[in-house]
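The values are calculated or read from the model by the stated rules, or taken from the named source; none is laboratory data. Since the model is a prediction, treat every value here as computed from it, not as a measurement. Methodologically, a virtual Cβ is constructed for each residue, glycine included, from the backbone with ideal geometry; neighbour enumeration extends over all protein chains shown.
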Amino acid sequence: MRVTGYNLALRTGEGYLGDRANKNAFYRCLDRWRAIARRSGEDPFDADSSSALGRKALARAYDGRDARSAATVHGAIESFADAFAEVAARFLDEVWPGVQRIAVGGGFRRGRIGEVAIARAQALLRSRGVEVGLLPIADHPDAAGLLGGVHLLPPSALADADALLAVDIGGSKLRCGLLRLRRAEDGDALARRPKLAALERWRHRDEPVGRDAMIDAMAQMLERLADEAARRRWRLAHQVVVGCPGQIAADGGIGRGTQNLPGDWSAPAFHLPAALQRRLPRIGSARTQVLMHNDAVVQGLSQIRAMRDVERWAVLTIGTGLGNAAYENLAV
């Protein structure tokens, strides 16, 4: 398998194409349908901002007995699904020739509203003659961006390890996980899906935090997870795998695509792997190595086993931004 492209920034006359189908785009759709509802009566929701409405509250409204609330949420889902289908179709037409299946991840995928929107977008694509599978990533959004990180390493790097530390840096949340490796009969640690044995999560978007403070928190979370591995008497790999927004250079620098993170992560003098190594210099008796790729790429890698029957596939991650990556299986 190889990654054929990621972090592609397609543009429209108004800006970036991905801005039409991220989490904020859904809330803009909901704002429009709430405004329509107010023309004929009261707004069915009390909150001033649609983004303040929680995922569970929207799901209850959609499935509940109040027809006005359900209709308002339904309208937002329909509008967002239409926009998402158009975005997916443009990716397929312009930069993803031959892609047969798209996995959809990110925080928006979680829960009833996201699942219905994805299913509706699939139906809209097919109604327009686009016969490409569109399916939610199988793993919980908190897990997918961590579990895929194991595929950044060759099997030989995990030969003597029971567990691995992983990081998923998002525009709203920072997640660090302890992955328990599960081997095939021949000892291959990549042949079976790892288990997320422990998770640390921080919603940094709610706090006035800078880049360095966020990396400090990342190192502290990883230290606690390393202590947990020691408590369970697991041999921990000395690599840390990281998924981060942006264009990742071969030397570990980060290019465009980090606008949703606090501070300047694309500064020429900034190097995230080195910054993390300074804060976490050793794992056990070995010097720490940090391997990093784009967060959408890593999230997509969590679906490798579900994509073995197609030659070309892709991922779209709906979160603070819209991440994207495409892959080719070299042998199907």
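Scanning for something more than 20 Å from S285 (Cβ to Cβ) and not in a helix (DSSP H, G or I), does the stretch 210-226 turn up at least one residue?
yes
The residues listed here are A275, A217, A197, A286; of these, the one that is touching a Lys or Arg at 6+ places or on another chain (Cβ under 6 Å), outside the structural domain of T320 (by TED's automatic domain parsing) and of a type outside the set (D, E, K, R) is A197. Number of residues in the stretch 143-167 that are among the acidic types (D, E) and closer than 16 Å to A103 by Cβ equals 0. For the stretch 161-171, the criterion of a residue being surrounded by 15 or more Cβ atoms within 10 Å (Cβ to Cβ), out of contact with any Cys (no Cβ under 6 Å at 6 or more places or on another chain), without any contact (Cβ under 8 Å) to a residue 60 or more places away in the chain and under 22 Å from D295 (Cβ atoms) is satisfied by no position. Condition test on E86, is it of a type in the set (D, E, K, R) and free of Cβ contacts under 8 Å to residues at least 24 places away in the same chain? In short, no. One residue stands out among those in the stretch 218-250 that are of a type in the set (G, A, S) and closer than 25 Å to S302 by Cα: the one that is surrounded by the most Cβ atoms within 10 Å (Cβ to Cβ), which is G243.
Are any of the residues in the stretch 126-135 modelled with pLDDT under 90, closer than 24 Å to T320 by Cα and among the small types (G, A, S)? The answer is no, given that none of the residues of the stretch 126-135 is modelled with pLDDT under 90, closer than 24 Å to T320 by Cα and among the small types (G, A, S). Restricting attention to the stretch 28-57 and to residues that are in a helix (DSSP H, G or I) and in contact with a Leu (Cβ under 8 Å, 6 or more places away or on another chain), the residue that is surrounded by the fewest Cβ atoms within 10 Å (Cβ to Cβ) turns out to be S50.
Find the residue count for the stretch 280-315, including only residues that are of a type in the set (V, I, T), within 30 Å of L92 (Cβ to Cβ) and in a strand (DSSP E or B). Residues flagged as of a type in the set (V, I, T), within 30 Å of L92 (Cβ to Cβ) and in a strand (DSSP E or B) within the stretch 280-315 amount to 1. Inside the stretch 117-140, residues that are part of a strand (DSSP E or B) and farther than 25 Å from L58 by Cβ make up a count of 1. Among the residues examined, A47 qualifies as more than 17 Å from A121 (Cα to Cα) and among the aliphatic types (A, V, I, L, M).
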